1. Return the Rg/Rh ratio of the chain with Cα-based radii and a Kirkwood Rh.
2. With the dipole of the chain worked out from charges on the C-beta (+1 for Lys and Arg, -1 for Asp and Glu) around the Cα centre, which of L218, M160, V446 lies farthest toward the positive end?
3. Considering only C-alpha atoms, what is the centroid distance from segment 442-462 to segment 156-180, in Å?
4. Under 5 Å between amide hydrogens, which residues at least 5 positions from E605 or on another chain qualify, with H placed 1.01 Å from N in the peptide plane?
5. When N is the residue count of segment 194-307, what does its C-alpha Rg come to as a fraction of 2.2 N^0.38 Å?
6. Leaving out same-chain residues fewer than 8 places away, which aspartates and glutamates sit with a Cα under 16 Å from that of K569?
7. Taking K88 as the anchor, which lysines have their alpha carbon closer than 22 Å to its alpha carbon, excluding any fewer than eight residues away along the same chain?
8. With angles folded into 0 to 90 degrees, how steeply does helix 528-593 sit against the dominant principal axis of the chain? Use alpha carbons for both and round to 10.
Amino acid sequence: MYLKSLEISGFKSFAKKADISFNAPITAIVGPNGSGKSNVAEAFRFVLGEQSMKSMRGRKTEDLIFNGGESSPRANRASVKLVFDNTKRLLNIDFDEVSIERVIHRDSLSEYLINGTQVRLKDVIELLAGAHIGSSGHHMISQGEADRILNANVRERKEMIEDALGLKIYQYKREESERKLEKTRENMDKVESLRKELAPHLKFLKKQVEKVERTIALREELTTLYREYLSRETAYIAETEKEIAQQTARPKAELARLDAELVAAKKVLDEAQHENKKVTELMSLQATLKTAREARDEAVHAIGMIEGELASLERMYAREKSASSAEVVSIEFARVKSLVTRIEELCAELGSVAELGGVRAVASKIRESLASFMESTRNARAESRVVELEHDIARLRERRETGARESTAREAELARIMKQYEELERAIEKEKDSSRDAEKAVFRIVAEQNELRGTLSVLRVREDKLKLEKEDLRREIEEGAVLIGRDVYQYESLTTPYPAEDRQVQEERRKQLEKIKVRLEDSGGPSPDEVMKEWKEASERDEFLAKELADLSRSAESLTTLISDLAQKLETLFADGISKINHQFKEFFALMFGGGDASLVVVEEKKRKRVSSEELAELGIEASPDDTDEEEETDLGVDIKVNLPRKKIRSLEMLSGGERALTSIALLFAMSQVNPPPFIILDETDAALDEANSKKYGDMVENLARVSQLIVITHNRETMSRAGVLYGVTMGREGYSKLLSIAFNEAVAVAK
Ligand code: ATP
């Protein structure tokens, strides 16, 4: 048993809270006309999510809320709560007991609660559909609606049968899948159009990217080439600088040495200028020499003269010496006269002297003069001729001595000058030699210097060229930095030297660099980073859309498969269900009518469908805007064939009221038997039956109660007798319905 209880509060005639517990397979609700029994059946519909006001006998929501009675105020809210025993997991929710509640207020929409939690109507419907329960349908037969299945057209009947067979859930799934498929297709269209919109931009970006990639490739090529070029160039410059420095060092040193040598040589030559001075000096020395020589010769000559004279005097002396013997002395008169003069002077002086002292002094002077005269008279006597000669000889000898000394001095002077002359002469000779050497040296030095200067000037040319090359390198690095940024400095970190090569190869490399630079400059275009970023974004978006499209198409595919599977399943289940129902139907029919035959027949119903101009256009048929056409569409339906025993009745319309009731009960019970719903509510389905048929009905009800819980609203005693639990509904003077559990005996009374 699945139903546990129903709680009605404020709903329709149930002003006060009323509870029904369904603890028997058959629960009968009995009561007089208008007491509110059908309201109980409607409370079921209401709580199960019925949206049709008509099937709850109302026009608007407010009609469902207790509207007040004679002595009871109207209610503001109506609520119905149905409690299921869910230990067998009838409902797909992990609770042993599940309550479904619907509440309405006068001024608001419905609220639905599952186990007290507010949910959407959809949730309630889905939950119930999974348990083969719907708000309306075959398991809730309203009063007077027992033969609804007979009155329905073939399509409606088919739907009712599908519902009874529990195919609704599949149909629901199929419809949902179809909706999903439609939505998926719409999304696919959207995504496709987004991709179409994106395509030109993507194409444009792709071209940009190719350009950027070419630029990147060129930059890479340039970077590699730069690395080698700059590395080699730097090495070349350093090497050449070193080489030039090395090659310059020796000539420079040599030149410096030669300069010093030249200075020395020039000094020698300068000194040679002084040679003339020496020659002049020599010449003057020659004159001096001549004079000295003459002076010496003169001295020698003078000695000779003196010696000659001396020899003559000595000979004379010798003669005179021998001849002299007389004492006669001749005195020179002058000397006598001088004596006399002197005495006279002193005598004169004596006359003027007054004192004795002065006389004595004069007398002394006179004595001195006389002594001196006597002395001179004695010499003169001695000398006479011999003395004279002796005198002369002595004088001459003295003169000879002097002359000899003079001569010696002159000789020495001559020798000194001679020596000086010779030295000067030698010096002049020597200087002449060194000046000749110096001259030669100057020639040699100048020649050597010229050669060295030539070498150095060649080196300087190389140096100048190298300077230009250095400048070129600097410029090249600058240009490179503009084109490839910091990568241009990669060469700096290269440690492995390249093998030596011909300079021409490097020149070729430089030309290649120029070519790439031109191509790189030509490539221009937008910033690679931006293009790549935009391309990445756009392509990612496109990829995303493509993936989305693939996903959508996969889900469309699986939905299509699901739909066709569901259609297949529905078809199979339906055909199978029909045959099963037919089997039961025949049985129940025969039971009810004591024979005869009845069956459901699947029929094809043709119907005309209006075709829109768009649909025509899709089929390639031209049509004016308001032109419409109709096409034939076939639909399946279910017809009922009856064959009453002993009667030639083939059409349903020809059946009596009772016969209709019996036929529809047989069919409804057959349907319920094939796919038993958890519960069935039968609201006075038995109203039209006579006693005999009521018994048969009672049997069937009991039979049915084995598979489905039954709630029967009835006035029929027979039916009441089959119920395990009976509830009486009464409406007193207060004007609202009351529910009470009653015994069978009471029930019969209550029903009346
Ligand atoms: P019968 O045996 O004749 O079929 P019943 O027992 O099935 O009768 P219902 O049709 O369930 O009776 O109840 C009808 C009663 O409910 C009427 O008296 C009607 O006035 C009352 N009713 C319906 N709607 C409301 C409402 N909103 N407020 C108060 N009473 C209501």
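1. Working: Rg = 83.6 Å, Rh = 43.9 Å.
Rg/Rh for the chain comes to 1.90.
2. M160
3. Computed from Cα coordinates, the inter-centre distance equals 116 Å.
4. The list, which skips near neighbours in sequence, is D635, L636, G637.
5. Details: Rg = 47.4 Å, N = 114, 2.2 N^0.38 = 13.3 Å.
Here the answer is 3.56, to two decimals.
6. Within the straight-line cut-off, K569 pairs with E159, E162, D163, E175, E176, E178.
7. K4, K168
8. That helix lies at roughly 10 degrees to the long axis.
Bear in mind these aren't lab numbers, they're just calculated from the coordinates by the rules spelled out. Computed from a predicted structure; not experimentally measured. Virtual Cβ from ideal backbone geometry, glycine too; neighbours counted across all protein chains shown.
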